[in-house]
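Trainee: Following this message is one structure expressed as structure tokens.
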Amino acid sequence: SKFCTHHSSFFESTFPMGITSLPSTITTFPMPSEVMKQNREVVIAEEIGHGRVLTLSRPNNLNYVSEKVALTLGQKLEKYEKDDNAKFVILKGAGRTFSAGGDLERIYDARDSVLEGVYRIYWLFYHVHTYKKPHIALVHGMSMGGGVGLMAPMKFSVVTEKAFCSTPEANLGYHPDCGLSYILSRLPGRLGEYLGLTGVKLKGKEVVAAGLATHFVPSHKLFQLEKSLLSINNGGEEDTIRSVIDEFSTNVQIDETSVLSKLSIIDDCFSRETVEEILDSFEAEAGKKGNDWIMLVLKSIKKASPIGLKITLRSIREGRTQTLSECLRKEFRITINILRTIISDDLYEGIRAAIIDKDKSPKWNPSTLDKVHDEQLDLIFKPLEQHDLELQIPINEEECRWGGKYENSGYCLRTK
């Protein structure tokens with residue numbers, strides 16, 4: 001089942017975070033190269049019957065969720081939610097990437113100047129989670145970090161055999177952001193802690209089996225599915241949308257080689273109180289017959305940022321008892337404090353090693369888990385010094401959901 005209570009239903013190595021028209025034909029999936037050359041918008045918006053299609057259209061840049069992308073998506077989603085003629089929204093990525101999350105090079109180069117963009121991005125993710133109309137993610141290819149945060153909250157999230165998801169932010173000295181502490185903490189057992197701490201990839205049907213997507217559709221049927229959805233002429237009710245997707249979807253079965261068949265080990269090891277205890281118990285399991293798969297995972301965790309691992313575990317654990325708004329507010333504070341290097345510059349060092357210099361040899365600070373103290377973590381999780389710098393999203397549904405825009409935040413006022 002999906003994690004959200006309101007639902008019924010690095011690249012290959014390491015990585016964490018338009019124009020409106022009525023076309024005569026439905027755009028193919030993936031986007032044809034000739035269309036890509038003609039339109040350089042970061043998001044292409046189309047109005048087709050009762051459907052609204054938003055395409056992340058920069059595949060050469062892995063469809064990053066940049067400030068401009070967040071602004072455009074937010075404006076379109078607000079417009080469609082208030083438009084009586086718009087009954088549902090489809091979100092997809094051009095090319096072989098749904099979204100690789102945040103633009104790490106931009107973060108590395110811009111430092112503090114990205115804070116206002118970060119605010120806008122978090123504000124967008126709140127609205128994706130709480131959207132009032134049915135929304136559908138069509139995921140064909142990479143979905144990592146913030147890309148998972150985009151697809152998983154959708155009322156319907158459809159993945160193909162080419163789709164893969166991961167949340168490896170800890171590998172970069174970062175944390176699962178943009179609602180991921182809420183999402184991961186609601187997966188079965190301790191799978192959320194496992195995915196957050198290890199950054200391992202789930203592929204195709206595994207994404208559905210884990211609860212991060214609702215349907216598996218073979219890639220050769222994806223275009224026809226989209227065409228059928230956009231041909232709905234009875235108003236696009238949720239049950240109708242579900243029946244259309246069900247028609248194209250395939251039942252999910254996980255074989256014994258999948259990590260999802262190892263949940264008893266994962267639940268036992270990743271329920272331990274600390275990262276150190278998790279690693280000790282996981283290492284003990286690695287010595288048992290049939291557990292060779294653990295060694296590669298252990299190797300990955302031990303290369304990750306110690307402070308990133310500890311922040312990630314604490315955030316996911318707190319997320320288990322927090323509301324969506326509480327998780328997003330907490331994650332936003334963590335993000336701002338990390339970007340400001342309150343206690344460490346591990347995020348920038350992680351980006352340097354993985355993306356800028358590509359030497360894959362980050363120098364973490366602190367260098368080992370035992371040197372990361374609770375008092376340091378408290379500084380990362382603490383509320384921001386000014387209330388207007390906090391993420392301004394509603395605590396209650398009665399409040400104005402679209403009122404917490406970047407333009408109304410302290411980040412905008414500080415840069416004028």
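The values are calculated or read from the model by the stated rules, or taken from the named source; none is laboratory data. Only a predicted model underlies this, so the values are computations on that prediction, with no experimental measurement involved. Every residue, glycine as well, gets a Cβ built from its backbone with ideal geometry; the counts of neighbours run over all protein chains shown. Remember, those area values only see protein heavy atoms, side chains included, never the ligands or the DNA or RNA. Shrake-Rupley method; radii C 1.70, N 1.55, O 1.52, S 1.80 Å.
Trainee: Kindly state which strands (runs of 3 or more DSSP E) lie completely within region 58-168 and contain at least 2 residues that are open to solvent by less than 10 Å² (accessible area, probe 1.4 Å) and in contact with a Gly (Cβ under 7 Å, 6 or more places away or on another chain).
Mentor: 88-93, 97-99
Trainee: Find the residue count for region 252-285, including only residues that are of a type in the set (Lys, Arg) and under 13 Å from residue 193 (Cα atoms).
Mentor: Here the count works out to 1.
Trainee: Report whether or not residue 184 is of a type outside the set (Asp, Glu), surrounded by 23 or more Cβ atoms within 10 Å (Cβ to Cβ) and over 30 Å from residue 401 (Cα atoms). Walk me through it before giving the result.
Mentor: Values: of a type outside the set (Asp, Glu): yes; surrounded by 23 or more Cβ atoms within 10 Å (Cβ to Cβ): yes; over 30 Å from residue 401 (Cα atoms): no.
In short, no.
Trainee: Taking the conditions exactly as written (open to solvent by 10 Å² or more (accessible area, probe 1.4 Å), at pLDDT 95 or above, out of contact with any strand residue (DSSP E or B) (no Cβ under 7 Å at 6 or more places or on another chain) and more than 25 Å from residue 270 (Cα to Cα)), does residue 378 satisfy them or not?
Mentor: no
Trainee: Still on this structure, I have one more. Restricting attention to region 198-216, which residues are part of a helix (DSSP H, G or I), of a type outside the set (Lys, Arg) and open to solvent by 20 Å² or more (accessible area, probe 1.4 Å)?
Mentor: 206, 208, 209
Conditions (1) open to solvent by less than 20 Å² (accessible area, probe 1.4 Å); (2) in a helix (DSSP H, G or I); (3) at negative phi; (4) among the aliphatic types (A, V, I, L, M), marked per residue:
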residue: 331; (1), (2), (3), (4): yes, yes, yes, no
residue: 334; (1), (2), (3), (4): yes, yes, yes, yes
residue: 343; (1), (2), (3), (4): no, no, yes, yes
residue: 362; (1), (2), (3), (4): no, no, yes, no
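Trainee: With respect to residue 351, is the statement that it is in contact with a Leu (Cβ under 6 Å, 6 or more places away or on another chain) and assigned to a loop (DSSP other than H, G, I, E, B) true?
Mentor: So residue 351 does not fit the description; no.
Trainee: Still on this structure, please answer the following. Only residues that are aliphatic (A, V, I, L, M), in contact with a His (Cβ under 6 Å, 6 or more places away or on another chain) and open to solvent by less than 20 Å² (accessible area, probe 1.4 Å): list them for region 291-329, please.
Mentor: Within region 291-329, just 311 meets the criteria.
Trainee: Is there a residue in region 186-197 that is over 23 Å from residue 364 (Cα atoms) and in a strand (DSSP E or B)?
Mentor: Checking region 186-197: not a single residue is over 23 Å from residue 364 (Cα atoms) and in a strand (DSSP E or B).
Trainee: If you go through region 106-124 one residue at a time, do you hit one that is β-branched (Val, Ile, Thr) and touching a strand residue (DSSP E or B) at 6+ places or on another chain (Cβ under 9 Å)?
Mentor: no
Trainee: Filter region 398-416 down to the residues that are surrounded by 10 or more Cβ atoms within 10 Å (Cβ to Cβ) and in a loop (DSSP other than H, G, I, E, B), then identify the one that is modelled with the highest pLDDT.
Mentor: Once the filter is applied, the top-ranked residue is 402.
Trainee: Let me ask something else about it. Go over the candidates 153, 176, 168 one by one and state the one that is under 15 Å from the mean Cα position of the chain (by Cα), at pLDDT below 95 and not hydrophobic (A, V, I, L, M, F, W, C).
Mentor: Details: 153 fails: at pLDDT below 95; 176 fails: at pLDDT below 95.
That would be 168, the only listed residue that is under 15 Å from the mean Cα position of the chain (by Cα), at pLDDT below 95 and not hydrophobic (A, V, I, L, M, F, W, C).
Trainee: Specify the residue that is surrounded by the most Cβ atoms within 10 Å (Cβ to Cβ); the eligible residues are those in region 224-263 that are in a helix (DSSP H, G or I) and of a type in the set (Gly, Ala, Ser).
Mentor: Checked region 224-263; the qualifying residue surrounded by the most Cβ atoms within 10 Å (Cβ to Cβ) is 228.
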